[in-house]
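Novice: Shown below is the structure under consideration.
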Amino acid sequence: MLKAKVLLVGPRESGKSVLANFVSESIEGIGSYSPTQGVRFETCWPALTKDSHGVVIVFNPELPIHLKELEMWYSSFVQQQPLLDSQCLLVAHHKPGTAGDTENLSLAHPLDKLRLIHSNLEEDPEDVRMEFMKYFRSIISLINESREREEMSIIS
């Protein structure tokens with residue numbers, strides 16, 4: 001069985017746990033916010049990123065501080081590994097009851113090169129699930145391609 005290590009990172013209260021539970025089908029709907037004990041110490045991050053195949057950066061686009069922090073998350077978890085931009089997914093997670101402007105989100109370079117999806121579990125849960133499945137399939141393809149190259153180099 002093929003295993004992939006995909007990190008789910010982002011600022012506090014961005015919706016990481018809700019999305020993780022939803023995508024893993026641990027819960028069907030959306031509950032009230034209950035904080036999760038994440039890894040808050042940056043000194044631990046290099047150990048977490050070791051051997052990861054992908055990174056999902058979740059943020060709340062309604063919060064300006066989250067937009068400011070995006071580049072730091074990208075630098076720490078994607079560029080320093082290093083991962084390809086195709087191994088990163090940005091998720092603009094819209095909380096229940098927010099307007100969720102999906103048109104006017106402009107991201108600075110290099111974030112503007114990354115795949116961006118908007119997540120609203122109240123309005124389009126199946127679209128969100130499908131986007132995550134597409135992303136996971138792309139990660140699996142990259143892992144398979146890498147293994148095939150490695151096997152061919154051993155044979156040669």
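Novice: Applying the selection to the range 109-127, what residues are farther than 20 Å from Asp85 by Cα, assigned to a helix (DSSP H, G or I) and of a type outside the set (Asp, Glu)?
Specialist: Across the range 109-127, the qualifying residue is only Pro125.
Novice: Just wondering, is there one or more residues in the range 69-76 that are in contact with an Asp or Glu (Cβ under 8 Å, 6 or more places away or on another chain) and over 15 Å from Val18 (Cα atoms)?
Specialist: Taking every residue of the range 69-76 in turn, at least one turns out to be in contact with an Asp or Glu (Cβ under 8 Å, 6 or more places away or on another chain) and over 15 Å from Val18 (Cα atoms).
Novice: Oh, and also: Report yes if some residue within the range 101-111 is surrounded by 15 or more Cβ atoms within 10 Å (Cβ to Cβ) and charged (D, E, K, R); otherwise report no.
Specialist: Scanning the range 101-111 turns up no residue that is surrounded by 15 or more Cβ atoms within 10 Å (Cβ to Cβ) and charged (D, E, K, R).
Novice: List the number of the failed condition for Leu83; all other conditions in (1) assigned to a helix (DSSP H, G or I); (2) under 14 Å from His53 (Cα atoms) hold.
Specialist: (1)
Novice: Another one. Just checking, does the range 86-97 include any residue being open to solvent by 70 Å² or more (accessible area, probe 1.4 Å), more than 26 Å from Ile143 (Cβ to Cβ) and modelled with pLDDT under 90?
Specialist: yes
Novice: Name the pairs: first residue in the range 106-135 and farther than 17 Å from Glu62 by Cα, second residue in a loop (DSSP other than H, G, I, E, B), Cβ to Cβ under 7 Å, at least 6 apart or on different chains?
Specialist: Val128/Leu121
The values are calculated or read from the model by the stated rules, or taken from the named source; none is laboratory data. Small disclaimer: the values here were computed from a predicted structure and weren't measured. Positions of Cβ are generated from backbone atoms using ideal geometry, with glycine treated the same way; all protein chains shown enter the neighbour counts. Ligands, DNA and RNA are excluded from the accessible area calculation, which covers all protein heavy atoms including side chains. Shrake-Rupley method; radii C 1.70, N 1.55, O 1.52, S 1.80 Å.
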